[in-house]
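The values are calculated or read from the model by the stated rules, or taken from the named source; none is laboratory data. This one's a predicted model, so the numbers in the text were calculated from it and none came from an experiment. Virtual Cβ from ideal backbone geometry, glycine too; neighbours counted across all protein chains shown.
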Amino acid sequence: MAINIGAYQEVLARLAPYHARLVAVSKTKPVEDIAALYAAGQRIFGENYVQELTEKQAVLPADIEWHFIGHLQSNKVKYIAPFVHTIHAVDSLKLLQEINKQAAKQERIIYCLLQVHIAMEETKFGMDQQELQQLLNTYKANLPDFANVRIAGLMGMATNTNNETQVRREFHQLHALFGSIKITYFNNESSFKELSIGMSADYSIALQEGSTMVRIGSLLFGERTYSQK
Ligand SMILES: *Cc1c(COP(=O)(O)O)cnc(C)c1O
């Protein structure tokens with residue numbers, strides 16, 4: 001399946017007025033497709049599976065900024081810690097602590113986004129507001145213990161529905177939460193800046209609702225057939 005350069009250009013054009021960035025989600029796609037989008041200028045790629053990411057990273061250009069966007073198990077952090085730039089789906093204190101530990105071993109900083117559950121579906125990962133606040137309270141009270149991670153913002157996934165009103169409402173709520181957390185926990189610092197919302201089907205709505213980073217896969221790389229993984 002070839003990549004869709006026309007769609008890529010259109011996405012970039014739509015992001016530009018918002019100064020939002022594109023994470024090209026390449027999970028299940030071959031390295032040839034990633035190399036082709038790289039040749040077109042893309043540098044930020046997102047992957048969901050640890051082994052797949054480490055295999056791809058080993059053979060692709062070193063200046064790719066790799067984002068891990070899937071659910072991450074603590075015992076697998078060590079495999080991606082040597083190179084991963086941002087981890088989008090941090091959903092527990094335990095995971096944040098492990099990322100810090102592995103980043104410290106590598107003498108690196110790893111950027112982290114905290115995943116908030118905003119969808120109706122039970123199955124989507126992420127913290128509720130209370131869990132998020134608990135994590136941030138612990139983080140703030142123990143800042144020296146987190147020297148190798150930077151909490152750069154929030155991430156969320158809207159309900160998988162054609163109901164635009166609902167998707168917009170979910171993104172809107174997350175943007176409001178982002179704003180209040182930035183003030184309450186980060187003293188309005190510019191380092192807390194990312195709102196990772198929006199995928200192929202809903203990124204236009206996400207941009208209108210404050211997205212700074214969209215995660216787009218199928219629009220660029222075609223539909224995924226999971227068997228090819
Ligand atoms: C797969 C995935 C995406 C991309 O989804 P598309 O609908 O293909 O754009 C975005 N975010 C996460 C967390 C994903 O797992």
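Could you go through region 161-176 and let me know if any residue there is modelled with pLDDT under 95 and either farther than 14 Å from Leu195 by Cβ or more than 16 Å from the ligand (Cβ to nearest atom) (or both). For region 161-176, residues modelled with pLDDT under 95 and either farther than 14 Å from Leu195 by Cβ or more than 16 Å from the ligand (Cβ to nearest atom) (or both): present. With respect to the stated conditions, Ala13 is more than 14 Å from the ligand (Cβ to nearest atom) and in a helix (DSSP H, G or I). The residues in region 64-89 that are out of contact with any Leu (no Cβ under 9 Å at 6 or more places or on another chain), surrounded by fewer than 16 Cβ atoms within 10 Å (Cβ to Cβ) and more than 19 Å from Arg215 (Cα to Cα) can be counted, and the count is 3. Taking into account only those residues within region 65-84 that are assigned to a loop (DSSP other than H, G, I, E, B) and under 15 Å from the mean Cα position of the chain (by Cα), which is farthest from the ligand (Cβ to nearest atom)? Checking each candidate, the answer is Val84.
Yes or no, residue by residue, for (1) over 17 Å from Phe83 (Cβ atoms); (2) more than 13 Å from the ligand (Cβ to nearest atom):
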position	(1), (2)
Ala2	yes, yes
Ile5	yes, yes
Tyr18	yes, yes
Asn48	no, no
Gln51	no, yes
Ala62	no, yes
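If I filter region 213-223 for residues that are surrounded by 21 or more Cβ atoms within 10 Å (Cβ to Cβ), farther than 19 Å from Gly126 by Cβ and among the aliphatic types (A, V, I, L, M), do I get at least one hit? Scanning region 213-223 turns up at least one residue that is surrounded by 21 or more Cβ atoms within 10 Å (Cβ to Cβ), farther than 19 Å from Gly126 by Cβ and among the aliphatic types (A, V, I, L, M). Of the set (1) away from the ligand (no atom under 16 Å from the Cβ); (2) hydroxyl-bearing (Ser, Thr, Tyr); (3) touching a Leu at 6+ places or on another chain (Cβ under 7 Å), all apply to Thr212 but (1).
To keep it simple, each residue is scored yes or no on (1) basic (Lys, Arg); (2) surrounded by 20 or more Cβ atoms within 10 Å (Cβ to Cβ); (3) touching a Leu at 6+ places or on another chain (Cβ under 7 Å).
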position: Ala104; (1), (2), (3): no, no, no
position: Val116; (1), (2), (3): no, yes, yes
position: Asp128; (1), (2), (3): no, no, no
position: Ala141; (1), (2), (3): no, no, no
position: Asn162; (1), (2), (3): no, no, no
position: Lys182; (1), (2), (3): yes, no, no
position: Ser190; (1), (2), (3): no, no, no
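Here Glu55 passes the criteria (1) charged (D, E, K, R); (2) buried (at least 18 other Cβ atoms within 10 Å of the Cβ); (3) outside any loop (DSSP other than H, G, I, E, B) except the one numbered (2). Looking only at residues in region 85-98 that are of a type in the set (A, V, I, L, M) and closer than 18 Å to Ala141 by Cα, the one that is nearest to the ligand (Cβ to nearest atom) is Leu95. Only residues that are away from the ligand (no atom under 16 Å from the Cβ), in a loop (DSSP other than H, G, I, E, B) and within 19 Å of Leu154 (Cβ to Cβ) were counted in region 99-137, giving 3.
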